[in-house]
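**Student:** The structure under discussion is supplied below as structure tokens; questions concerning it will follow.
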Amino acid sequence: MKGIVVSRSGDKTVVLKATIVSHHPLYGKKVVKSRRFLVHDPKNKAQVGDKIEVKQSRPLSARKRWIIVSYGS
């Protein structure tokens, strides 16, 4: 999954905003949905506005289940 970093929420944690564009089944209009995920940043390198790619991992905390695969894509 890919998205944009919208916040740095503590040590080695960032908030990722992933957007999904789909079409309405009846009207055909584009529908944009977004969702926020807590992501583990082991190198503490990601900054707000960076595009990152993440993958799912084991639970790292109560809400953190994603880890960064690549910085900038």
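The values are calculated or read from the model by the stated rules, or taken from the named source; none is laboratory data. Remember, it's a predicted structure, so these values are computed and weren't measured experimentally. Cβ: placed from backbone, ideal geometry, glycine included. Neighbour counts: every protein chain shown. For accessibility, only protein heavy atoms count, side chains too; no ligands or nucleic acids. Shrake-Rupley method; radii C 1.70, N 1.55, O 1.52, S 1.80 Å.
**Student:** Which residue fluctuates most in the GNM of the chain (Cα springs below 10 Å): Lys55, Lys12, Lys33?
**Tutor:** Lys33
**Student:** Which entries in Lys12/Lys33; Lys29/Lys51; Lys2/Lys30; Lys29/Lys55; Lys30/Lys64 show an alpha-carbon gap greater than 21 Å? Don't skip to the answer; put the middle values down first.
**Tutor:** Values: Lys12/Lys33 26 Å; Lys29/Lys51 26 Å; Lys2/Lys30 19 Å; Lys29/Lys55 30 Å; Lys30/Lys64 30 Å.
Those over the limit are Lys12/Lys33; Lys29/Lys51; Lys29/Lys55; Lys30/Lys64.
**Student:** Which entry is the computed percent of Cα pairs over 22 Å apart for this structure: [x] 30; [y] 15; [z] 26?
**Tutor:** [z]
**Student:** Just the number, please: carbon plus sulfur as a percent of the accessible area of the chain, 1.4 Å probe, no ligands or DNA/RNA counted. Walk me through the numbers on the way to the answer.
**Tutor:** Numbers: 2720 of 5230 Å².
Carbon and sulfur atoms account for 52 percent of the accessible area of the chain.
**Student:** Counting Lys and Arg as +1 and Asp and Glu as -1, what is the net charge of the other residues whose Cβ lies under 9 Å from the Cβ of Val69? Kindly include the intermediate steps, with their values, before the conclusion.
**Tutor:** Values: positive: Lys55; negative: Glu53.
For residues surrounding Val69, the net value is 0.
**Student:** Using a 1.4 angstrom probe, figure out how much accessible area the chain has per residue, in square angstrom, rounded to the nearest whole. Display every interim value, and only then the final one.
**Tutor:** Details: 5230 Å² over 73 residues.
Normalised by residue count, the accessible surface of the chain is 72 Å².
**Student:** Whole-Hz Karplus ³J(HN,Hα) for the stretch 6-18, in order, using 6.51 cos²θ - 1.76 cosθ + 1.60 and θ = phi - 60°, x for Gly and Pro?
**Tutor:** Per residue, the Karplus-derived 3J(HN,Hα) values read 10, 7, 10, 10, x, 6, 6, 9, 10, 9, 9, 10, 10 Hz.
**Student:** In the chain, what percentage of the DSSP-assigned beta bridges are antiparallel, given to the nearest 5? Could the numbers behind the result be given before it?
**Tutor:** Working: 23 of 26 bridges.
For the chain, the DSSP antiparallel bridge percentage is about 90.
**Student:** Also, I was wondering about something else. Taking R0 as 22 Å, what's the FRET efficiency between Val69 and Lys33 from their Cβ-Cβ distance, rounded to 0.05?
**Tutor:** Numbers: r = 23 Å, r/R0 = 1.03.
That pair, Val69 with Lys33, gives E of 0.45.
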